[in-house]
Amino acid sequence: MQLDQVPVGRTVVVRSVHPPTLRSQALRLGIGVGARLEVVRRLRGGPVVVRSTAGQLAVGKELAQGIEVEAL
Amino acid sequence: MPVVLVGNPNVGKSVVFRALTGRYVEVSNFPGTTVGIRRARAAGLAVWDSPGVYGLSRFTDEERVTVEAVRQADLIVNVVDARHLARDLFLTLQLKSLALPMVVLLNRMDEVRAAGDFLDAPGLERALGVPVIKAAAVRGEGIPELLQCLQAGAVKPPPAPPFWEDLPPAVQRRSPVDRLLWWEEDEELSERLQTAPPAGNREAEYVKRRQEADALASRFYRRGDGGYGRWQLQLDGVLLHPVWGWAVLVAVLGAVYQLLGVEVANRLVGWLEALLRQTWVPWVQAALSPLLAPGSLGAELLTGRYGLLTMTVTYLVALLLPLITGFECLLAVLEDTGYLPRLATLLDRFFLRLGLNGRSVIPLILGFGCVTMATLTTRILEGHRERTIASVLLAWTIPCSAQVGVITGLLAGLGARWALAYAAVILSLFILVGTALDRALPGRPTPLLLDLPPLSWPRAANLWDKVRTKVGGFLLEAGPLFALGSLTVAMAHWSGALGSVETALGPFFTRFLHLPGEAAPAFLLGFIRRDFGAVGLYQAGLSPVQILTGAVTITLFVPCIASTLVLLRERGVRQGMEIWLGSIAIALLCGAAVARVAEWIAGA
């Protein structure tokens, strides 16, 4: 499943982050393989808001589509 | 050898720097305020402040600057936002693998306490193996302890990272910074040293570091019950709601317009300008009249209509100062409450169509205050592509508050229809230009990845501190540019060039824009002060169609001289000139089109 399809309220574990250009930045901000993310909100056609150990992050749609996750 | 402050963006490095050295630094709450390295001395130590970065590499200009600062460092002070421990520890762990003497300063401990959370600093110190100091730099807490620690000179470097043993000899000879950069696949170094690290190294290190940071944070940071209250969660839901979010945005914009556009830009500025015109200007003219012969160049430059002591002073004190202060106050409130990142999230999908992401909302909103300041702020955007698009949109389509004030006044006399027509033309151009640039420029917009700090009440002391330093810094930076602008006009006025412009360009204006020739100098004056251009239109006795044409043309026409200089500096001379000349072309073309279409509609 991709991060942009996760229903609000669900907690997921990141399996992979695809766009290589963004992978480093995502890791620095707390989104890496194995990170637990709780989907707090999804804006229609827009970013997904997630909560991780590092705090709340808004993840742009294109990036969210590139983040493969697994339900807990 | 200096002590270098390193940390993520927006963790309070500049506040720490100021608390340490007592030196004035521009402080802000969005990333990218410190672009160069700032240096000062504190208690016999050289202290450098570096741009905020999320990691040590050379992906962006900020990171390059920070890497170079760290290369020179004798000792690193890693400033950490204690509220964002997991995020910030990534950089901490990366810095630690340089094996340079290092101190971790846990800033914003006051906010951790206020949220009812608990951070086990001694535990973290033992786990990291470097000194950890608790601080709240805005209140001066922890700064004496930090100074003491620095002066004792007893900070030992952390142990060498394991990867040092796997380095080839060519890399072994390099500095710790180069070793780390090379190991994490820095392309420049691999090329220069003719040897590359194992593929996937960076990824592996980053994943390991992220996991370690998360583990440390969950071990030593305990969230209390007070942290994220119910009202915060509910309000967060409202701000990002597809309907209510927009309602809040409209309300905020309405309040901003009322406060700035009406109360400050019209009333306060009008009152201050009149006050200065009646007191300061005659006083300085009288005081200097024995020294300057009337009509001489000196009199014209210093105390004439466009003089340094008359126009520049009036402009800076009566117009820019209140406008920028008002704007910065509002922006600081929006920032400190955490509203701006939410706005960026809400607007992201629309900005993507213009080749930008939600983050650009900050410079674009600032543009309605002062385009010069906004162009400086495009530094916070991720790449050249985004910065270019934002700079073009600012230079061409965003009217600054000085201009909005006068244009509102111009159009107000004509009725709502004309004001709407003006807004529609400018908004369509904004969308058209953005979309066209998105299509034309190679690459794609960077997807949004934005930290959403918890919503909070702004603190008056923070606001005051921020507004004061930013306004002061801006006036220092832009004041000379505005003075230069006045000098140019004063020279043009004195030499009679202004008058000849009218005779030379007048016929062209009449034929092309259907405006009277007297409007021509207004455009030149608009280069010095954008609202001057619009004021020029008041006097010419124009028809409604001509006023609309003039307002549109003057909005699109070249930005003022200060923004032009900033534009040239930020975007480079070549691209800056392209944007500048482009604004003349688009202003004249759109003006001509508006004139003809409006005449046709009015005629029909």
Can you give the relative contact order of the range B:1-145 as a percent, counting alpha carbon pairs under 8 Å and 6+ residues apart? 24 percent
Relative contact order for chain A, counting Cα pairs under 8 Å that sit 6 or more residues apart, in percent: 44 percent
Based on Cβ point charges of +1 for Lys and Arg and -1 for Asp and Glu, what charge dipole magnitude is obtained for chain B about its Cα centre, in debye rounded to the nearest 20? 280 debye
Compactness summary of the range B:272-356: radius of gyration and Dmax from Cα atoms, Å, are 21.4, 63
What does the extension gain come out to for residue B:488 and residue B:468, with contour length at 0.36 nm per residue minus their alpha carbon separation? 4.2 nm
How about the range B:175-247: which trypsin sites (Lys or Arg not before Pro) there lie in a loop by DSSP and see at most 16 other Cβ atoms within 10 Å? B:223
Compute the relative contact order of chain B as a whole-number percentage, counting only Cα pairs closer than 8 Å that sit 6 or more residues apart in sequence. 11 percent
Are there trypsin sites (Lys or Arg not before Pro) in the range B:242-332 that DSSP puts in a loop and that have at most 16 other Cβ atoms within 10 Å, and which ones? B:305
Report the calculated FRET efficiency for residue B:166 and residue B:423 (r = Cβ-Cβ distance, R0 = 51 Å), to the nearest 0.05. 0.25
Could you let me know the centre-to-centre spacing of the range B:345-399 and the range B:429-468, using Cα atoms, in angstrom? 7 Å
Under a Cβ-only charge scheme (Lys and Arg +1, Asp and Glu -1), can you give me the dipole magnitude of the range B:72-190 about the Cα centre, in debye to the nearest 20? 400 debye
Roughly how many debye, to the nearest 20, is the charge dipole of the range B:329-478 about its Cα centre, given +1 on each Lys and Arg Cβ, -1 on each Asp and Glu Cβ, and no other charges? 180 debye
With each run of n ≥ 4 DSSP H residues scored as -39500 (n - 2.57), what mean residue ellipticity at 222 nm is computed for chain A after dividing by its residue count and rounding to the nearest 500 deg cm²/dmol? -5000 deg cm²/dmol
Sites residue B:286 and residue B:585 - FRET efficiency at Förster radius 51 Å, r taken between beta-carbons, to 0.05: 0.65
With -39,500 (n - 2.57) per DSSP H segment of 4 or more residues and division by the full residue count of chain B, the 222 nm estimate, nearest 500 deg cm²/dmol, is -19500 deg cm²/dmol
The summed charge of the residue B:393 Cβ neighbourhood (under 15 Å; Lys/Arg +1, Asp/Glu -1) stands at +2
Output field shielding_mean for A:13-25 (other chain Cβ, 10 Å radius) holds 3
Residue by residue through B:232-244, how many Cβ atoms from other chains fall within 10 Å of the Cβ on average? 2
Return the average number of partner chain Cβ atoms within 10 angstrom of each residue Cβ along peptide A:27-39. 6
Under 9 Å from the Cβ of residue B:213, count the other residues' Cβ atoms, weight Lys and Arg +1, Asp and Glu -1, and hand me the total. 0
Below 9 angstrom from the Cβ of residue B:493, what's the summed charge of the other residues (Lys, Arg +1; Asp, Glu -1)? 0
Mean shadow area (nm²) of the C-alpha convex hull around the range B:148-230 is 9.7 nm²
Going by Cα centres, the range B:275-322 and the range A:15-47 are how many Å apart? 57 Å
At a 10 Å Cβ-Cβ cut-off, how would you order B:102, B:1, fewest neighbours first? B:1, B:102
For chain B, list the DSSP H helices whose alpha carbon atoms reach 27 Å or more along the long axis and whose average Kyte-Doolittle value is 0.5 or above? B:416-440, B:460-495, B:573-603
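None of the figures in this text is laboratory data; all of them are computed from the coordinates on show. Note that the structure is predicted; figures quoted are calculated from it, not measured. Every residue, glycine as well, gets a Cβ built from its backbone with ideal geometry; the counts of neighbours run over all protein chains shown.
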